[in-house]
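Bear in mind these aren't lab numbers, they're just calculated from the coordinates by the rules spelled out. These figures come from a predicted structure and were not determined experimentally. Reconstructed Cβ throughout: ideal geometry from the backbone, glycine too, with neighbour counts over all protein chains shown.
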Amino acid sequence: MWIRYGSVTDVTMDQIVSLCRRRGFVFPSSEIYGGLSSTYDYGHYGVLMKNEIRQAWLRAMVQERDDIVALDSAVILNPAVWEASGHVAGFTDPLVDCRTCKLRFRADKLEDSQCGKRPSKKPGEDAQCDLTEARQFNLMFQTQVGALEGASSTAFLRPETAQGIFINFKNVLQLARRKPPFGIAQTGKSFRNEITPGNFLFRVREFEQMEMEFFVPPADAPKWHEYWIEQRLDWHLGLGLRREMVRVRPHEAEELSHYSSATSDIEYLYPIGWQELEGVANRGDYDLTQHTKSSGTKLEFVGQDGERYVPYVIEPAVSIERIFVALLCDAYHEEVVGERERTVLRLSPRVAPVKAAVLPLISKDTGMATHARNLFEELRKRFSVEHDDSGQIGRRYRRQDEIGTPWAFTIDEQTLEDETVTVRDRDSLAQERIPISGVASWLSAALEQPWSPPAAA
Ligand code: GAP
């Protein structure tokens, strides 16, 4: 038997979209009504994998630290929050319309866009193109609060979770009895009316952010900024991304957001090239100062010795969607095993949606079926596991390979004789026998093991 590993850099977004669709990770949303552009629904495996990503983030950010607390703020905040934060005035992209093809483009991304009538050309290049002047387009979705429509009831869906943290700074300072350096972490949906969403989940209008605002004495901000860039890079590598596919890129001065004095992006080599996976920004005292001015509530730290200052903020911010796509691209392989082709997701067991499958070799054999069912019932209490008794065993293995299940426990004739099962490893395809009574502790220990992506052969 030989295995040929595919090269991950050859993976296309179409292959990822097709796998997600085929195996029920992600579906186009509102499909029976013709869909809604760049909007997706997550199926069973997508939900399980997103939960793993969120849990891993919360574990690293909150559970395993003394200096960070959790928050879950509202999606719709007082509109004054977005005035103060600068989003009403400045959270905009420059937009141009084409009067000929009726498409909209980001004026600063024309080079990366395709003309609606002549896709081989950029917008504006063809004689038929008729572009409007650029105008600023605010990316916040508006809604109405209450039954009355009008300016006084206009509110926004949050475009970032961060502002919910800043406006709770005083609550946390007092009630959680924290002093800088300390952080507040939250995960939750954010909404942006992106002009050019696309590339599957990479840029969508509704996504789940995981943001942490770390409040520090101003003089220590550069040191903490470096610290968080390193921490976050290590965290992504710990999820299983290969080192050569991830890099850190400091922003040029002209790229910086209005609130940032320094930002570094952790980038992943997606099929569309190097792109932002996570941003780590030094937001200075911008947000706390703005909310102090606008609300009249002083957002500052006052020490017991009378020391008083507005903390600086270091912010690592990422979306589950960007991580989800990076993990799938990194893990996707098409390969030939013996004479057979298989598609396999070499996901880290930590993020794999299903940790193990329980498979009776012959489902009609009542002895094997009973053993398999009993083992499955035992394991499901502690782990995300699947029981599959339909079809040939080879096909069942390949179904599990495609969703990234790291191990399969197979119940066969020998199980009936000596109470052992076969463990099949997704990556090496090695098989070993272990006692059926020890499967749960074997799986628990295997999930604790450090994991790194297998080297390409
Ligand atoms: N609070 C800072 C902030 O929101 P950002 O760079 O605009 O900064 C942070 O967004 C992260 O959110 C990005 O690094 C990316 O992971 C994710 N993100 C932003 N826009 C997104 C979109 N339209 N679709 C998916 N993820 C997005």
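Calculate, in nm to one decimal, what residue 452 and residue 253 gain on full extension: separation in residues at 0.36 nm each, minus their alpha carbon distance.
Values: separation 199, 0.36 × 199 = 71.64 nm, distance 3.57 nm.
Between residue 452 and residue 253, full extension yields 68.1 nm more.
If you average over every viewing direction, what projected area does the convex hull of the Cα atoms of the chain give, in nm²?
Numbers: hull surface 109.7 nm².
Spelled out: convex hull of the Cα atoms, projected over all directions, averaged, 27.4 nm².
Pop the C-beta distance of residue 89 and residue 434 into the FRET formula with R0 = 60 Å and round what comes out to the nearest 0.05. Intermediate values should be presented prior to the final figure.
Working: r = 63 Å, r/R0 = 1.05.
Here the calculated transfer efficiency is 0.45.
Would you mind putting 283-290, 313-320, 232-239 in packing order, based on average other-beta-carbon counts within 10 Å, highest first?
Descending packing order for the listed peptides: 313-320, 283-290, 232-239.
Compute the Cα gyration tensor for segment 21-86, then decide on rounded, prolate or oblate, letting a ≥ b ≥ c be the square roots of its eigenvalues: rounded whenever a/c is under 1.5, prolate when a/b is larger than b/c in the other cases, and oblate in all that remain.
Values: a/c = 4.11, a/b = 1.29, b/c = 3.19.
Oblate.
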Item to check | Note, ³J(HN,Hα) from phi for segment 241-249, Karplus 6.51, -1.76, 1.60, rounded to Hz, x at Gly and Pro | outcome: 5, 6, 4, 6, 9, 10, 8, 10, 10
Item to check | HN-Hα J in Hz across segment 273-286 - Karplus 6.51, -1.76, 1.60, θ = phi - 60°, x for Gly and Pro | outcome: x, 5, 9, 5, 8, 9, x, 10, 10, 9, 8, x, 9, 3
Next on the checklist: Could you work out how much longer the chain between residue 145 and residue 370 gets when fully extended? Use 0.36 nm per residue separation minus the Cα distance between them, nm to one decimal.
Outcome noted: 75.4 nm
Checklist entry - Order of 257-266, 66-75 by packing, highest average Cβ count within 10 Å first? => result 257-266, 66-75
Item to check | Descending Cα extents along the principal axes, segment 234-343, whole Å | outcome: 74, 33, 23
Next on the checklist: Can you give me the long-range amide H partners of residue 140? Hydrogens built in the peptide plane at 1.01 Å from N, cutoff under 5 Å, separation of 5 or more residues or another chain.
Outcome noted: 193
Item to check | J(HN,Hα) series, segment 402-414, from Karplus relation 6.51 cos²θ - 1.76 cosθ + 1.60, nearest Hz, glycine and proline x | outcome: 5, 9, x, 5, x, 9, 10, 9, 10, 9, 10, 4, 5
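Counting only helical runs of four or more DSSP H residues, what would the 222 nm mean residue ellipticity of the chain come to if each run contributes -39,500 (n - 2.57) and the total is spread over all its residues? Write down the numbers at each step before the final one.
On the way: 13 runs with 129 residues, N = 457.
That comes out to -8500 deg cm²/dmol.
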Checklist entry - Whose amide H sits under 5 Å from the amide H of residue 42, counting only residues 5 or more places off or on another chain, with H placed in the peptide plane? => result 27
Checklist entry - What number, in percent, do you get for the relative contact order of segment 101-204 if the mean sequence gap of Cα pairs under 8 Å and at least 6 apart is divided by its residue count? => result 23 percent
Checklist entry - Over segment 160-280, one equal point on each Cα, no solvent: what is log10 I(q)/I(0) by the Debye formula at q = 0.10, 0.13, 0.17, 0.21 Å⁻¹? => result -0.37, -0.64, -1.08, -1.49
Next on the checklist: Applying a 10 Å radius around every beta-carbon, put 376-383, 335-342, 156-163 in order of their mean neighbour count, most first.
Outcome noted: 156-163, 376-383, 335-342
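Starting from the Cα gyration tensor of segment 1-151, take the square roots of the eigenvalues, sort them a ≥ b ≥ c, and report rounded, prolate or oblate (rounded when a/c is under 1.5, otherwise prolate if a/b is larger than b/c, else oblate).
Numbers: a/c = 1.92, a/b = 1.09, b/c = 1.76.
Oblate.
With only alpha-carbon pairs counted, each pair once and no self-pairs, how large is the Kirkwood hydrodynamic radius of segment 275-425 in angstroms? Could the numbers behind the result be given before it?
Numbers: mean 1/r = 0.0506 Å⁻¹.
Value: 19.8 Å, from the Cα pair sum.
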Item to check | Contact order relative to length of the chain, as percent, for alpha carbon pairs under 8 angstrom and 6 or more apart | outcome: 15 percent
Checklist entry - Going by a ≥ b ≥ c, the root eigenvalues of the Cα gyration tensor, does segment 351-457 fall in the rounded group (a/c under 1.5), the prolate group (a/b larger than b/c) or the oblate group? => result prolate
